[in-house]
Amino acid sequence: VTDIKAERLLADLQTLAGIGGLANGGVDRVAWSAADVAGRRWFAERISEAGLEPHVDAALNVFGHCPGAVGPFVLTGSHLDSVPNGGRLDGAYGAIAALEVLRTLSEANDPLADRVEIVGFSDEEGVRFSVGLIGSLALCGDLNFERTADLSDSEGTPIDAVLAQAGREFGRLQDAAQHLSALAGFLELHIEQGPRMDAAGISLAVVSGIVGVHRERVRLTGTQNHAGTTPFPLRHDAGRAASRTAAQLRELVEGIDANAVANIGVMRFAPGGVNIVPGEADFTLELRHPDEIIVRRIVQAFEERLRTICDQDGCSAEIELLSWVPPARMDPGMSDITAAACDAVGQQPPRLWSGAGHDAAVLSRHVPTGMIFVPSIGGISHAPSESTADEHLVLGARALLQAVKRAAAQIK
Ligand SMILES: [Zn+2]
């Protein structure tokens, strides 16, 4: 029976973790940084070393397939970039496992190998330019080029200069989409990045979908005044209105749907002084749920509550939509394939919704897409201590091999 080589998989994960590796065990391979580019070069070299053909596209997505193969392919992989001071498995695990799967099929001279392509995507995390998923969006022709062209990173370096440093032209990013027609499906293996599987002792899970994410900014206006001479009843305190809204958020959301989550991650008062009643306040709101209707219901309830609080505190509110990423449902056929693959390695996987975004959400709008999760120890991710037991890393890659074989066999 053909199977992956566990030691080679774990050794490659270890080596990649050393590129942009930190003394605390974490990694720093922020999109298109020197370390990220070095990681991509290393990944392409592993593809060549395995007798496969590497290809780096206009977005610096790294692909690999059997020499001469033209598709249609089942694509499998994940992203190679990380958050700053991040973990060694987020993204990297799915890319390395994909490499191990194709190496295994190729070494076994399995004819299905010609129908498989692997990928290490660019800038999934979106920390550098606050966009995210740039590599998979470019591949799918879904990137908003006008909006992306104006982006700069926190050091003020524009995105075209960043790409030029990495050897690519921003103006040619569209070229990445030429490859989409060669793809017949996508499979992504990823760490869960949450505590559910670890807490329940589950080794593998089939992802049924990826939550929708709503982001907005709320600006409150009251009256700036002297904090010593203005009695409470006469204040129009924008800071108090913002804080009351934030404090009531959790109960409001829980009252509508126990599976929804919300976050207020940024809040500012202006002008900001120990003896000044804030005349202005603003904060961001993020909401996540698998069902668009529930997200809308929460947004509406939130806005009603905000209006009530503003009336009580004599303030006015303005809301700006920052982004809306709709929920992405995985393909039922691909979910059956991933479930059968988990079964083939001795697991009965539950179906879970992903609370984190993934490249699979982008691909799912174009080709049949499926995802497999392995547990994250303690549910920790986007941190240097992010970890998964070796046994689970190996099991996940074995399940991916089974899923890829099944999906490739179905390509007409
Ligand atoms: Zn990821």
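Please treat every number below as a calculation from the coordinates, not as lab data. This is a predicted model, so every value here is computed, not measured. Heads up, the Cβs are rebuilt from the backbone with ideal geometry, glycines too, and the neighbour counts pull from every protein chain shown.
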Just add up the charged neighbours of residue 358: K/R +1, D/E -1, any other residue whose Cβ is under 9 Å from the Cβ of residue 358.
-> -3
With Rg and the Kirkwood Rh both taken from Cα atoms, where does Rg over Rh land for segment 320-412?
-> 1.01
For segment 172-228, max minus min Cα coordinate along each principal axis, in Å, sorted largest first?
-> 66, 46, 17
Which value in nm describes the separation of the simple spin-label points at residue 234 and residue 34, placed 7 Å from the Cα toward the beta carbon?
-> 6.1 nm
Which shape class applies to segment 1-91: rounded if a/c is under 1.5, otherwise prolate when a/b exceeds b/c and oblate if not, where a ≥ b ≥ c are the square roots of the Cα gyration tensor eigenvalues?
-> oblate
Longest site-free stretch - the chain; sites: GluC sites (Glu not before Pro), DSSP loop, at most 11 other Cβ within 10 Å | 170-412
Computed over the chain: longest principal axis from alpha-carbon atoms vs helix 34-49 long axis, angle to nearest 10 degrees, is 20 degrees
Stretchable slack from residue 391 to residue 45, in nm (0.36 nm times residue separation minus alpha-carbon distance) = 121.9 nm
Who wins for biggest fluctuation among 189, 102, 322 in a Gaussian network model of the chain, springs between alpha carbons below 10 Å?
-> 322
Taking N as the number of residues in the chain, the ratio of its alpha carbon radius of gyration to 2.2 N^0.38 Å works out to 1.08
Cα gyration tensor shape of segment 171-266, rounded if a/c is under 1.5, else prolate or oblate by comparing a/b with b/c = oblate
1/(1 + (r/R0)^6) with r = Cβ-Cβ of residue 303 and residue 365, R0 = 35 Å, i.e. FRET efficiency to nearest 0.05, evaluates to 0.80
Rounded to the nearest 0.05, what FRET efficiency do residue 1 and residue 55 give with R0 = 35 Å and r taken as the Cβ-Cβ distance? Could you check?
-> 0.70
Protection proxy ranking of 230-243, 66-79 - average other beta-carbon atoms within 10 Å, highest first = 66-79, 230-243
Would you mind computing, in nm to one decimal, how far apart the modelled labels at residue 275 and residue 130 are, each placed 7 Å from Cα along Cα→Cβ?
-> 3.4 nm
Environment charge of residue 172, counting only residues whose C-beta is closer than 15 Å and scoring Lys/Arg +1, Asp/Glu -1 | -3
Determine the gain in length on full extension of the stretch residue 250-residue 343; use 0.36 nm per residue of separation and subtract their C-alpha separation, reporting nm with one decimal.
-> 29.7 nm
Qualifying chymotrypsin sites (Phe, Trp or Tyr not before Pro) for segment 224-317 [loop in DSSP, other Cβ within 10 Å: at most 11] | none
To the nearest 10 degrees, how steeply does helix 292-313 sit against the main Cα axis of the chain, on a 0 to 90 scale?
-> 20 degrees
Take the Cα of residue 336, step 7 Å along the line toward its Cβ, and report every residue of segment 387-412 whose backbone nitrogen sits under 13 Å from that point.
-> 407, 410
Quick shape check on segment 1-156: root eigenvalues a ≥ b ≥ c of the Cα gyration tensor, a/c under 1.5 is rounded, otherwise prolate if a/b tops b/c, else oblate, and it reads oblate
Count charges around residue 307 for me, please; just the other residues with Cβ under 15 Å from its Cβ, Lys/Arg as +1, Asp/Glu as -1.
-> -3
Helix axis angle, 92-107 relative to the chain longest principal axis, alpha carbon, degrees = 10 degrees
Relative to the compact-globule estimate 2.2 N^0.38 Å (N residues), the Cα gyration radius of segment 286-337 stands at a ratio of 1.68
